[in-house]
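Chemist: Handing you this structure, nothing more for now.
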């Protein structure tokens, strides 16, 4: 495998990792008004993602950074073509981050409610914006021979952006519900599982439709099989939820995303930004890539750095593996580590 | 204003704003880690309370830094796509490495530190904080290496086909002398920021307690006293290092970007020895060097540039001619690449008033911080508690000084490089140099309306966030250490004890109070 292909795979991995991890953060936030009717429930829901969301968000920064580092032609085509959706993503992520921090900084109920709503709104905006950007990118943008968008600010935003937005949102909401059923105990666990069980089949449809469309455009037999795996994983996730095996359901629902993303990236390869004006203007990994020297440097750095990162991130998940409940845990107070 | 101007304002506003958070994150991170270490080693309660109090401010600030830092990663592509294409072979990898090697470390271990009180072993918990702090410092290194490559491009050759720089020596990019100087300057400047905060807030609390007749023997008194002493010494020592690293950086800049430095002095003609300007005034709105009049100290700029009091330092007028001879009198007449500036004359002199005053504000505000630190150490010597209203409130006000110094330092660095976004490296022969004008860096497909939209949205949001952030920090600072922050090693309330209205356990609430 040449370095450009390797880095295409690395970028695909980073985006998938981001959607997989930040997906449940978005989902939990989106479910706050649905499953968190009482302050104690909302508090509990936020505690499940509290130690994790910031580290998960770095997957996005690294994914965008890797696109810039390995394929500046992709970075420089994609971002300005979808200028406004990306600005909305930034807006959503900014207000979400400060809301996490500020929610607890002032102890009135109205204050708490306001920032909890901001967490939900910011997460919804960010998830939809990222979905729109990915959907529009994999299904085509109106770019000319120089990789510049033509047709004005909204020319890149059509049905493909809408499909991507709905796909990421719907996946994330159910992902968040499954995550809550895995990470909490008590009434919330039951309610989250019931929610996931009801909505999982429907929520998978836009994601499968998106992956299917990219496959039909430019897929291979392999991406066809991957798509079937994604569809099958939906059934497995649903069946495991029914019998209350949350851990297995979480894995299966994650596999839906991984297989669907693999379908999308696999089918798109080697094109990174297809042009809706003329296929000759498609940006490919060869057009967009940096020099082999820079890719080699990056490969060494990532080859050493990424396993370390994965190691310590996995370890934090292990540290915070315990199920959370709304009831006080006096047997194990926070101060027993002396 | 066309796209270029709006995009430049956007970059300036978002970056300066972001950099209000960054030095405090770096500096306070180090100091909180020191406090936490002292607690783990000595077990003294004041160190724990200091860790919790200053740690809380560190976190409030950290999150806003993370949130505003996101914009940076995206806006090179959003508004500066031609720049991104041009520098892609070098610049993008530094950003990616920053994310991979620094941001993950920072965010993951900070999450572990915040939620790890009582959950993981004490020393491991401390190590988590140090890991996060190291992450911040590593991230500063990568982003400054990226910026320094724009100031002084090294390790590249120009590709004949595309005209773009191609990386040939990654190690040279990482060990760019510009980066080493700028990094050390920025890190010690961050410590001045954190030290100033400890001094200002600590003195205010000491005085308030003294006037209220509170004892000087309890833990809280020790908290504020130690904060002032620690902050004062850090600030003072860091200021000396700021001056030394700044001198190093300045001498490099006289070689690498002489126009930036001569503009900072409004030094019009080449002079030997060259004087330092203390105060200057000019015809309003003129960027002509000859319209500027100065009060000067003879020979000082020769010393700043070359380390002696007699060497010649080139003047703005001469440099402008030299640059025009090498890099062109006018921009190429190509509106698709140079927009409204196509075919226009190139002004190689950065805005004189900005260069001149940002340079002086940077130095002056740094000096104010050092003065306040010295005052605080003197006023609290041998257990004294200062009650001087002017001294204490002056120190509180002076918390802002190192922030201003950091911001104006970057304004000077960035605007002093204009009209280039990638400044040519004079160490290599002209034929092998790479450079890029700011005028050609902007995204060609993006409309002014789009950039106006994002500029207004971000400015409004940033403004609102600043108001809330300052209000929250002020409230938290006023409350002090005793209320709203109790030590995690206090005995847990016995089951069934009514706690303050919330159904959750008090310990958990405290962890969260600290966390969020």
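Every number in this text was worked out from the coordinates using simple rules, so none of it is lab data. Quantities reported herein were computed from a predicted structural model and do not represent experimental measurements. For neighbour counting, all protein chains shown are included, and Cβ atoms are generated from backbone atoms with ideal geometry for every residue, glycine included.
Chemist: Can you pull the mean other chain C-beta count within 10 Å for peptide B:115-128?
Modeler: The per-residue average across the peptide is 3.
Chemist: Determine, for each peptide in B:52-61, A:53-62, the mean count of other beta carbons within 10 angstrom over its residues, then list the peptides with the highest first.
Modeler: Most protected by this proxy first, the peptides run A:53-62, B:52-61.
Chemist: Continuing with the same structure: Select from A:215, A:43, A:106 the residue whose mean-square fluctuation is largest in a Gaussian network model of chain A (Cα-Cα springs shorter than 10 Å).
Modeler: Of the options given, A:106 has the highest mean-square fluctuation.
Chemist: Once the Cβ-Cβ distance between residue A:225 and residue A:199 is put in as r, and R0 is 35 Å, what FRET efficiency do you end up with, to the nearest 0.05?
Modeler: 0.85
Chemist: Can you bin segment B:23-154 into rounded, prolate or oblate? Criterion: square roots of the alpha carbon gyration tensor eigenvalues sorted a ≥ b ≥ c, rounded for a/c under 1.5, prolate for a/b above b/c, oblate for the rest.
Modeler: Note, shape of segment B:23-154 comes out prolate.
Chemist: A further question follows. Pick out which of A:86, A:154, A:24 has the largest mean-square fluctuation in a Gaussian network model of chain A, springs linking Cα atoms closer than 10 Å.
Modeler: A:154
Chemist: What does the C-alpha gyration tensor say about the overall shape of segment B:385-453? Classify as rounded when a/c is under 1.5, otherwise prolate if a/b is larger than b/c, or oblate.
Modeler: Oblate, because a/c is 1.5 or more while a/b does not exceed b/c.
Chemist: For B:288, B:450, which order do you get if you count the other beta carbons within 10 Å of each Cβ and list the fewest first?
Modeler: Details: B:288 13, B:450 23.
Least to most surrounded, the residues fall as B:288, B:450.
Chemist: Would you order A:104, B:423 from fewest to most other beta-carbon atoms within 10 Å of each residue's own beta-carbon?
Modeler: A:104, B:423
Chemist: Modelling each spin label as a point 7 Å along the Cα-to-Cβ direction, I'd like the residue A:310/residue A:323 distance in nm, to one decimal.
Modeler: Distance between the two pseudo-spin positions: 2.9 nm.
Chemist: Provide the percentage of antiparallel DSSP beta bridges, counting only those with both residues in the protein assembly as shown; round to the nearest 5.
Modeler: In the protein assembly as shown, DSSP labels about 90 percent of beta bridges as antiparallel.
Chemist: Multiply the residue separation of residue B:278 and residue B:447 by 0.36 nm, subtract the distance between their alpha-carbon atoms, and state the gained length in nm to one decimal.
Modeler: Value of the extension gain: 56.5 nm.
Chemist: Next up: Per-residue Cβ counts within 10 Å, from other chains only, averaged over A:95-103: what number is that?
Modeler: Across the residues of A:95-103, the mean count of other-chain Cβ atoms within 10 Å is 6.
Chemist: Between residue B:363 and residue A:217, what FRET efficiency follows from the Cβ-Cβ distance if R0 is 51 Å, with the result rounded to 0.05?
Modeler: 0.30
Chemist: Just need the relative contact order of segment B:248-336 here, percent rounded to a whole number, with Cα pairs under 8 Å and 6+ apart.
Modeler: Reported as a whole number, the value is 33 percent.
Chemist: Is there a simple number for the mean count of other chain Cβ atoms within 10 Å of the Cβ of residues in B:470-476, and what is it?
Modeler: Per-residue shielding by partner chains comes out at 2.
Chemist: I need the Kirkwood Rh of chain B: take the reciprocal of the average 1/r across all distinct C-alpha pairs and report it in angstrom. Write down the numbers at each step before the final one.
Modeler: Details: mean 1/r = 0.0402 Å⁻¹.
Radius from the Kirkwood sum: 24.9 Å.
Chemist: Something else about it: I need A:325, A:184, B:14, A:5 ordered by Cβ neighbour count within 10 Å, fewest first.
Modeler: A:5, A:325, B:14, A:184
Chemist: Sorted by mean Cβ packing within 10 Å, highest first, what order do the peptides B:156-163, A:239-246 take? Numbers along the way, then the final one.
Modeler: On the way: B:156-163: 12.5, A:239-246: 15.9.
So the peptides B:156-163, A:239-246, ranked by packing, come out A:239-246, B:156-163.
Chemist: With labels modelled as points extended 7 Å from the Cα through the Cβ direction, what inter-label distance (nm, one decimal) is found for residue A:2 paired with residue B:382?
Modeler: 7.7
Chemist: Which order, highest average first, do B:259-270, B:229-240, B:190-201 follow once you tally other Cβ atoms within 10 Å for each residue and take the mean per peptide?
Modeler: The most tightly packed comes first, giving B:190-201, B:259-270, B:229-240.
Chemist: Still on this structure: Using only Cα atoms and rounding to the nearest 10 degrees, what angle (0 to 90) does helix B:219-256 make with the longest principal axis of chain B?
Modeler: 10
Chemist: Stretch residue B:295-residue B:244 to full length: gain in nm at 0.36 nm per residue minus the Cα-Cα span?
Modeler: Net length gain for the segment: 15.9 nm.
Chemist: A follow-up question, please. Can you give me the angle between helix B:81-97 and the longest principal axis of chain B, using Cα atoms only, in degrees from 0 to 90, rounded to the nearest 10?
Modeler: On a 0 to 90 degree scale, this one is about 40.
Chemist: How large is the Kirkwood hydrodynamic radius of the protein assembly as shown, counting all unique pairs of alpha carbons, in Å? Mind showing how you got there, number by number?
Modeler: Working: mean 1/r = 0.0351 Å⁻¹.
About 28.5 Å for the protein assembly as shown.
Chemist: State, as an integer percentage, the relative contact order of chain A based on alpha-carbon contacts under 8 Å between residues 6 or more apart.
Modeler: 23
Chemist: Using 14 Å as the cut-off for backbone N distance, which residues of segment B:190-209 belong to the label zone defined by a point 7 Å from the Cα of residue B:393 along Cα→Cβ?
Modeler: Residues B:204, B:208 fall inside that zone.
Chemist: Just want to confirm a number: the relative contact order over chain B, from Cα pairs under 8 angstrom separated by 6+ residues, in percent. Working shown, then result.
Modeler: On the way: 777 pairs, mean separation 106.8, N = 516.
The normalised contact order for chain B reaches 21 percent.
Chemist: Additional query: Please check which bits of segment B:75-90 a label hung off residue B:327 would reach, taking the label as a point 7 Å along Cα-to-C-beta and the cut-off as backbone N under 16 Å.
Modeler: B:83, B:87
Chemist: Next up: Nearest 500 deg cm²/dmol is fine: what mean residue ellipticity at 222 nm does the protein assembly as shown get from its DSSP H runs of n ≥ 4 alone, each adding -39,500 (n - 2.57), divided by its residue count? List each step's numbers first, then the result.
Modeler: Numbers: 29 runs with 596 residues, N = 854.
Helix contribution divided over all residues of the protein assembly as shown: -24000 deg cm²/dmol.
Chemist: Rounded, prolate or oblate: which fits segment A:113-251 when a ≥ b ≥ c are the square roots of the eigenvalues of the alpha-carbon gyration tensor, with rounded for a/c under 1.5 and prolate only if a/b beats b/c? Show your work: numbers first, answer last.
Modeler: Details: a/c = 3.64, a/b = 1.48, b/c = 2.47.
It is oblate, given that a/c is not under 1.5 and a/b is not larger than b/c.
Chemist: Round to a whole angstrom and tell me the spacing of the C-alpha centers of segment B:395-409 and segment B:174-223.
Modeler: 12
Chemist: Helix B:45-79: angle to the longest alpha-carbon principal axis of chain B, degrees 0 to 90, nearest 10?
Modeler: 30
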